[in-house]
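Novice: After the structure tokens below, expect a handful of questions from me.
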Amino acid sequence: MKKKLLDCLGKLKGNSVCGRLAIISVIVIIVALYCFNFIDTEEQITLTSIGSGLIAIIGLYFFYKRLKNQDIQRVDDRFNSAINLLGSSETSARTGAVYVLHELALEEDKYRQQIVQILCSHVRSKTSEAAYQKTHKERPSNEIQTTLNLLLKEKECGLYTQGFAKVSGFPRADFEHAYLVRADFWNAQCQGAIFWDAQCQEANFSDAQCQGAIFWNTQCQGANFWNAQCQGANFWNAQCQGADFWNAQCQGAIFWNAQCQEANFRDAQCQGAIFSDAQCQGAIFSDAQCQGAYTPKGVSTQTLSSRIGKETEFETLQLEGEIAEDVIKNIENSKNYLDDYIQTIIEDNTGKKAKYGTPKDCTTGILENSEQLQAIIKKDWKKLEQLNKKQHD
């Protein structure tokens, strides 16, 4: 018995702080038992029984540590295996890898941030391939749409719909330069997502949460933003010809230098939005709420909060005038995503001088300071969602 106890203690000697503490504890207990004459008394605990108990405890410690190491190794093996499959030439293998990585990110926090970045990178790299764009020019492949769903959609337990994705410092969804023609983002969680220079023609963002999303220089011709939450979204220099923002929440959104010919802003909430140098020939603003919206030059330093109590300014919002050749070229390249009326708009504005001003049939004036507005300024999207829901109930 004594030999077994000494063997176990010997194993613990070189085993971290816990091992040293265990050795000290054993020595203290044995000394105390001798000092108080608990040992060699038949009615009390014997040295043999004490040793057996200590051996059992030490054995459990090593068993727990071995299981923990095995679990860590299991997670590492699953991650590495999925990464290898993601580079497979077989579509089914890559799709399977996406599911494995998604499940792993939900279960373990070790690779969570790395996994969302890997999946976004997979979308970018795969859709940038010429062969992919030729084969899937009409809509995303099942592999890519599945990846988008597992990242952004609550119904699919998307990673960006989870609480851990709301923590400060968590990587943004990055689809820069991605080819996402007719991709389905319905009801997706795209807050702060990056679509810079992406091709999103006729993509469906209806009911999507796009607060603070970046659409710089994005191709959004014919895209659907029905009822989308686009507060603070940035459409600088975006190609939004024929895009539909019906009933969208665009408070504080930036359409600076955006090409919005034939775009539909009917019933949209555009309070405090920036339309500086936007091209809106043929655009519809019927019943849009544009209080505090503005387009004066040098607006880069102005904030949404600074528009409270100020009149709407549409000094450089172009409503008529000849459309530039490079813009027409973009329209021609996207004619599959636009209706024929866009050609009528081009013809009607040929040779015309630029005309700026306030769109017809939209509400302008002073931007009202409200709970909703304060939530937008503070980027408290959860509070805003609650206020909007309460207003509709």
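The values are calculated or read from the model by the stated rules, or taken from the named source; none is laboratory data. Here the structure is a predicted model, which means the values were calculated and not measured. Cβ: placed from backbone, ideal geometry, glycine included. Neighbour counts: every protein chain shown.
Novice: Within the range 184-223, track down each residue that is outside any strand (DSSP E or B), among the hydrophobic types (A, V, I, L, M, F, W, C) and surrounded by fewer than 24 Cβ atoms within 10 Å (Cβ to Cβ).
Specialist: Of the range 184-223, the ones outside any strand (DSSP E or B) are 185-187, 190-193, 195-198, 200-203, 205-208, 210-213, 215-218, 220-223.
Okay, now just the ones that are also among the hydrophobic types (A, V, I, L, M, F, W, C), so 185-186, 190, 193, 195-196, 198, 200, 203, 205, 208, 210, 213, 215-216, 220, 223.
Passing the criteria: Trp186, Trp196, Trp216.
Novice: Right, here's the next one. Can you find even one residue in the range 374-383 that is assigned to a loop (DSSP other than H, G, I, E, B), more than 29 Å from the chain's Cα centre (by Cα) and either touching a residue at least 40 places away in the same chain (Cβ under 8 Å) or not assigned by TED's automatic domain parsing to the domain that holds Gly192 (or both)? Let's see the steps before the verdict.
Specialist: Kept after step one, since they are assigned to a loop (DSSP other than H, G, I, E, B), are these residues of the range 374-383: 378-380.
Still in the running and more than 29 Å from the chain's Cα centre (by Cα): none.
Taking every residue of the range 374-383 in turn, none turns out to be assigned to a loop (DSSP other than H, G, I, E, B), more than 29 Å from the chain's Cα centre (by Cα) and either touching a residue at least 40 places away in the same chain (Cβ under 8 Å) or not assigned by TED's automatic domain parsing to the domain that holds Gly192 (or both).
Novice: Shifting gears a bit: Since Lys353 meets every condition but one in (1) loosely packed, with under 12 Cβ neighbours inside 10 Å; (2) part of a helix (DSSP H, G or I), which condition does it not meet?
Specialist: (2)
Novice: Which pairs have Cβ atoms under 8 Å, sit 6 or more apart or on different chains, and link a residue in the range 90-118 that is in contact (Cβ under 8 Å) with a residue 40 or more places away in the chain and among the acidic types (Asp, Glu) to one that is surrounded by 14 or more Cβ atoms within 10 Å (Cβ to Cβ) and not in a loop (DSSP other than H, G, I, E, B)?
Specialist: Partner pairs satisfying both residue conditions: Asp109/Phe164.
Each row is one residue, and each column tells you yes or no for (1) over 20 Å from Phe164 (Cβ atoms); (2) in contact with a strand residue (DSSP E or B) (Cβ under 8 Å, 6 or more places away or on another chain); (3) modelled with pLDDT of 95 or more; (4) part of a helix (DSSP H, G or I).
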position: Tyr61; (1), (2), (3), (4): yes, no, no, yes
position: Asn80; (1), (2), (3), (4): yes, no, no, yes
position: Ser89; (1), (2), (3), (4): yes, no, no, no
position: Tyr99; (1), (2), (3), (4): no, no, yes, yes
position: His102; (1), (2), (3), (4): no, no, yes, yes
position: Leu119; (1), (2), (3), (4): no, no, yes, yes
position: Tyr132; (1), (2), (3), (4): yes, yes, yes, yes
position: Gln145; (1), (2), (3), (4): yes, yes, yes, yes
position: Leu150; (1), (2), (3), (4): no, no, yes, yes
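Novice: Return the total of residues in the range 224-247 being more than 19 Å from Asn336 (Cα to Cα) and assigned to a loop (DSSP other than H, G, I, E, B).
Specialist: 13
Novice: Out of Ile342, Ile328, Ile323, report the one residue that is over 14 Å from Cys260 (Cβ atoms), surrounded by 13 or more Cβ atoms within 10 Å (Cβ to Cβ) and in the same structural domain as Ala233 (by TED's automatic domain parsing). Before the answer, list the steps.
Specialist: Values: Ile342 fails: over 14 Å from Cys260 (Cβ atoms); Ile323 fails: over 14 Å from Cys260 (Cβ atoms).
Ile328 is the lone residue from the list that is over 14 Å from Cys260 (Cβ atoms), surrounded by 13 or more Cβ atoms within 10 Å (Cβ to Cβ) and in the same structural domain as Ala233 (by TED's automatic domain parsing).
Novice: I would also like to ask the following. Would a scan of the range 234-244 turn up a residue that is within 18 Å of the chain's Cα centre (by Cα) and not β-branched (Val, Ile, Thr)?
Specialist: Checking the range 234-244: at least one residue is within 18 Å of the chain's Cα centre (by Cα) and not β-branched (Val, Ile, Thr).
Novice: Same structure, new question: Those residues that are closer than 23 Å to Thr218 by Cα and among the acidic types (Asp, Glu), I need them from the range 321-353; list them, please.
Specialist: Listed by number, the residues that qualify are Glu322, Glu325, Asp326, Glu332, Asp339, Asp340.
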